[in-house]
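The values are calculated or read from the model by the stated rules, or taken from the named source; none is laboratory data. Model, not experiment: these values are computed from the prediction. As a convention, Cβ positions derive from the backbone with ideal geometry for all residues, glycine included, and neighbour counts pool all protein chains shown.
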């Protein structure tokens, strides 16, 4: 039996008279790492934000674990969904330990349980507690701060993680390292579902066990990276792949 974490059924969204999302339907199974790829204005961030109701759809149904999100208490819904964005938004006056502990403290967790969870997560994101726990955000690099943001989003053990271009503001070398780490983190976790928005095709195909390619509020193709490369379904997808091949050709010429 299929174990669906997320299901969109004929979802539509307009801003003023402009249609951003048009009759969007797709399914995500629990434990998958889905990357959502598209150019600016394709609807990928709007799609992500409708999952935790930061944006409300105009029509259609969104289900989380088989339940319509409109019938779910908003606080309870967001408690089970981690959210990471490009602008990390760490609290500058709190230590790294306290930043990560924010949600568990709000939920009233026991102090020993919170500290244990913080240490566990800091090890998971390769920022050992003894070395980084008492530091403040300004004492960390941009890449390290982004890892803290991931750890904070994971603190309450959410079933679903939404990541909206989280690595877009860091340099290329740091970005590559963060990609390796987020992929490793997902593999180490049990049954948690990641949806990761990006406009970087290499990032999308490296991270996702499935890639959702969006164009003008619709899905152009939703499949494994291998199947997309072997059989692009639309002209838009083919053009995307051509940009990779052109870059590869350029680097071969420069060698």
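Between 189, 178, the distinction of being crowded, with 18+ Cβ neighbours inside 10 Å and over 10 Å from residue 36 (Cα atoms) belongs to 178 only. In region 155-174, the residue that is surrounded by the fewest Cβ atoms within 10 Å (Cβ to Cβ) out of those that are closer than 20 Å to residue 121 by Cα and out of contact with any strand residue (DSSP E or B) (no Cβ under 7 Å at 6 or more places or on another chain) is 157. Considering region 219-240 alone, what residues qualify as being exposed (fewer than 15 other Cβ atoms within 10 Å of the Cβ) and under 30 Å from residue 15 (Cα atoms)? Once the filter is applied, which keeps residues that are exposed (fewer than 15 other Cβ atoms within 10 Å of the Cβ) and under 30 Å from residue 15 (Cα atoms), region 219-240 yields 234, 235, 238, 239. If we keep just the residues of region 97-126 that are in contact with a helix residue (DSSP H, G or I) (Cβ under 8 Å, 6 or more places away or on another chain) and either assigned by TED's automatic domain parsing to the domain that holds residue 180 or exposed (fewer than 12 other Cβ atoms within 10 Å of the Cβ) (or both), which is modelled with the highest pLDDT? Per the stated criteria, the residue is 113.
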